[in-house]
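The structure under discussion appears below in the form of structure tokens.
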Amino acid sequence: MKYVGKNIERLIPQRKPFVMVDEFEDAEPPATADSLTGASCTTSLTVRKDNYFMLPGDEMSTSGLIEHIAQSASALAGHVATQQGAVRPPVGMIAEVKHFVCQRRPRLHELITTTVTMGFSFGSMTLCHGTSSIGDNTICEVDLKIFIQ
């Protein structure tokens, strides 16, 4: 299923001006119904001037990249919850950032494409791996631990 624009708000609790996902698609379901383990998706974000994480010089900050990946993971959790009958998206928080490698920051008007894969889940904690690219070039990768209520 594909979500674009305002429909993204069905998957994530964030609202403008803090929405960091423009499009959600290519979701793969989790391995079991009682966790997010194995679920994955692709999201995208066009870098705009009014983005909360823009720096002088028309580049997005690295914290903006991490937030984009975290919201991509949140959108995936929201998609899975919606498929299971939830009315509202779950609320999540970044609990840990590990192994963040950034090749370069995205620039104004560039399209960031991100793949998120959920790893091990235990209780409210889920590990995930995110990779963001511009075109065919990977610009960053990160492992996140996410607390999901």
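The values are calculated or read from the model by the stated rules, or taken from the named source; none is laboratory data. It should be emphasised that the depicted structure is a prediction, and the values quoted were computed from it without experimental measurement. Here the Cβ positions follow ideal geometry from the backbone for every residue, glycine too, while neighbour counts run over all protein chains shown. Ligands, DNA and RNA are excluded from the accessible area calculation, which covers all protein heavy atoms including side chains. Shrake-Rupley method; radii C 1.70, N 1.55, O 1.52, S 1.80 Å.
Candidates in segment 1-10 are the residues that are in contact with a helix residue (DSSP H, G or I) (Cβ under 9 Å, 6 or more places away or on another chain) and in a helix (DSSP H, G or I); of these, the one that is most open to solvent (accessible area, probe 1.4 Å) is 10.
So, residue 122, is that one at pLDDT 95 or above, within 23 Å of residue 145 (Cβ to Cβ), surrounded by fewer than 21 Cβ atoms within 10 Å (Cβ to Cβ) and aromatic (Phe, Trp, Tyr) or not?
Values: at pLDDT 95 or above: no; within 23 Å of residue 145 (Cβ to Cβ): yes; surrounded by fewer than 21 Cβ atoms within 10 Å (Cβ to Cβ): yes; aromatic (Phe, Trp, Tyr): yes.
Answer is no for this residue.
Within segment 47-62, residues that are within 10 Å of residue 107 (Cα to Cα) have Cβ atoms under 8 Å from residues that are in a helix (DSSP H, G or I) and not hydrophobic (A, V, I, L, M, F, W, C) in these pairs: 54/64, counting only partners at least 6 apart in sequence or on another chain.
Just checking, which of 40, 44 is more than 18 Å from residue 127 (Cβ to Cβ) and open to solvent by less than 50 Å² (accessible area, probe 1.4 Å)?
Values: 40 fails: more than 18 Å from residue 127 (Cβ to Cβ).
Step by step, each of 40, 44 is checked, and only 44 is more than 18 Å from residue 127 (Cβ to Cβ) and open to solvent by less than 50 Å² (accessible area, probe 1.4 Å).
Restricting to segment 11-29, name every residue that is closer than 18 Å to residue 70 by Cβ, open to solvent by 70 Å² or more (accessible area, probe 1.4 Å) and charged (D, E, K, R). Within segment 11-29, 15, 16 qualify.
Would you check if residue 77 is buried (at least 18 other Cβ atoms within 10 Å of the Cβ), touching a Pro at 6+ places or on another chain (Cβ under 9 Å) and either of a type in the set (Val, Ile, Thr) or in a helix (DSSP H, G or I) (or both)?
On the way: buried (at least 18 other Cβ atoms within 10 Å of the Cβ): yes; touching a Pro at 6+ places or on another chain (Cβ under 9 Å): yes; either of a type in the set (Val, Ile, Thr) or in a helix (DSSP H, G or I) (or both): yes.
Criteria met by residue 77.
Of 62, 32, all but one fail to be of a type in the set (Ser, Thr, Tyr) and open to solvent by 60 Å² or more (accessible area, probe 1.4 Å); the exception is 32. Restricting attention to segment 100-124, the residues being under 20 Å from residue 29 (Cβ atoms) and either of a type in the set (A, V, I, L, M) or within 13 Å of the chain's Cα centre (by Cα) (or both) number 5.
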